[in-house]
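Colleague: Take this structure, written in structure tokens, and hold onto it; I'll ask about it next.
The values are calculated or read from the model by the stated rules, or taken from the named source; none is laboratory data. If you're wondering where the values come from, they're calculated on a predicted model, not measured in any experiment. All Cβ positions, even for glycine, are placed from backbone atoms using ideal geometry, and neighbour counts span all protein chains on display.
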Amino acid sequence: MKKFIGPAIFAVALAVALSLTKFYYYTPPRPAPRPAAHEPQPAPAAERPAVFFRPRFVTLDFATRKGHLTLELERDRTRPAPDFLWVWAYFFAPGGGHYCAGEPVEVRRPFAAGDRVTVNVEAPAAGCAAPREPSQTFYARVNVSAESAFAARLPEPRVSYDITSATPVVVQNAPRR
């Protein structure tokens with residue numbers, strides 16, 4: 001029995017020494033380095049929009065109270081093509097602090113001709129105030145959704161009057177004052 005006590009004490013002492021060494025010299029795993037703020041990172045597939053769009057030409061017709069939009073659409077090829085899109089546009093004049101718009105317009109089978117298409121949309125523009133001056137410029141912002149008409153319409157807090165990223169509008173049939 002005395003032969004087993006010595007090696008057992010040695011084994012216990014070795015185990016305690018290894019545990020203490022591991023405890024005191026433990027370094028937690030380092031997190032992955034964060035990318036610099038200026039480096040764009042690809043969004044996960046679930047967060048990427050199904051459709052990318054760019055307004056090319058926008059007109060606002062005061063006689064018919066409608067906006068005419070020409071949009072370039074491109075779909076995300078990693079996802080199925082949507083059967084419907086909803087387009088919503090609002091129109092504003094700089095410094096006015098208010099906008100006019102109608103309901104979102106449904107576009108059926110927008111990608112029937114391919115993954116990159118140009119579509120023309122006629123959108124209602126109810127409540128647009130006539131320009132105060134003949135040279136007054138109007139701007140438009142467009143939103144496109146593959147989810148629903150509700151998702152296409154921006155909530156009031158997200159409506160922006162910043163003209164630097166808005167699309168200039170060609171005004172037609174403006175009433176004269």
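Colleague: Please state which one of F92, F52 is modelled with pLDDT under 95 and either more than 21 Å from S165 (Cβ to Cβ) or surrounded by 22 or more Cβ atoms within 10 Å (Cβ to Cβ) (or both).
Modeller: F92
Colleague: For the structure I just gave you, tell me whether P104 is buried (at least 18 other Cβ atoms within 10 Å of the Cβ), under 30 Å from S148 (Cβ atoms), at pLDDT 80 or above and out of contact with any Phe, Trp or Tyr (no Cβ under 7 Å at 6 or more places or on another chain).
Modeller: Numbers: buried (at least 18 other Cβ atoms within 10 Å of the Cβ): yes; under 30 Å from S148 (Cβ atoms): yes; at pLDDT 80 or above: yes; out of contact with any Phe, Trp or Tyr (no Cβ under 7 Å at 6 or more places or on another chain): no.
Against the criterion (buried (at least 18 other Cβ atoms within 10 Å of the Cβ), under 30 Å from S148 (Cβ atoms), at pLDDT 80 or above and out of contact with any Phe, Trp or Tyr (no Cβ under 7 Å at 6 or more places or on another chain)), P104 does not qualify.
Colleague: Looking only at region 18-33, decide whether some residue is at pLDDT below 90, under 30 Å from A125 (Cα atoms) and surrounded by 10 or more Cβ atoms within 10 Å (Cβ to Cβ).
Modeller: No.
Colleague: Can you tell me which residues in region 53-84 are outside any strand (DSSP E or B), out of contact with any Cys (no Cβ under 9 Å at 6 or more places or on another chain) and touching a residue at least 12 places away in the same chain (Cβ under 8 Å)?
Modeller: Once the filter is applied, which keeps residues that are outside any strand (DSSP E or B), out of contact with any Cys (no Cβ under 9 Å at 6 or more places or on another chain) and touching a residue at least 12 places away in the same chain (Cβ under 8 Å), region 53-84 yields A63, T64, D76, R77, T78, R79, A81, P82, D83.
Colleague: Say we look at region 107-127 and pick out the residues that are in contact with a Lys or Arg (Cβ under 7 Å, 6 or more places away or on another chain) and of a type in the set (A, V, I, L, M, F, W, C); which of these is surrounded by the most Cβ atoms within 10 Å (Cβ to Cβ)?
Modeller: Selected residue: A125.
Colleague: Looking at E133, is it surrounded by fewer than 13 Cβ atoms within 10 Å (Cβ to Cβ) and of a type outside the set (V, I, T)?
Modeller: yes
Colleague: Let me ask something additional. Among the residues of region 122-146, how many are in contact with a Phe, Trp or Tyr (Cβ under 8 Å, 6 or more places away or on another chain), modelled with pLDDT of 90 or more and not hydroxyl-bearing (S, T, Y)?
Modeller: Here the count works out to 7.
Colleague: Same structure again: Under 7 Å between Cβ atoms, which residue pairs at least 6 apart in sequence (or on different chains) link something in region 92-105 that is of a type in the set (V, I, T) with a partner that is assigned to a strand (DSSP E or B) and buried (at least 18 other Cβ atoms within 10 Å of the Cβ)?
Modeller: Here the result reads V105/W86; V105/V87; V105/V121; V105/A123, each pair linking region 92-105 to a residue that is assigned to a strand (DSSP E or B) and buried (at least 18 other Cβ atoms within 10 Å of the Cβ).
Colleague: Can you tell me which residues in region 143-167 are over 22 Å from P104 (Cβ atoms) and touching a residue at least 24 places away in the same chain (Cβ under 8 Å)?
Modeller: Answer for region 143-167, where residues must be over 22 Å from P104 (Cβ atoms) and touching a residue at least 24 places away in the same chain (Cβ under 8 Å): just I163.
Colleague: Let me ask something else. Just the residues that are hydroxyl-bearing (S, T, Y) and under 13 Å from L71 (Cα atoms), please, taken from region 92-142.
Modeller: Within region 92-142, just T118 meets the criteria.
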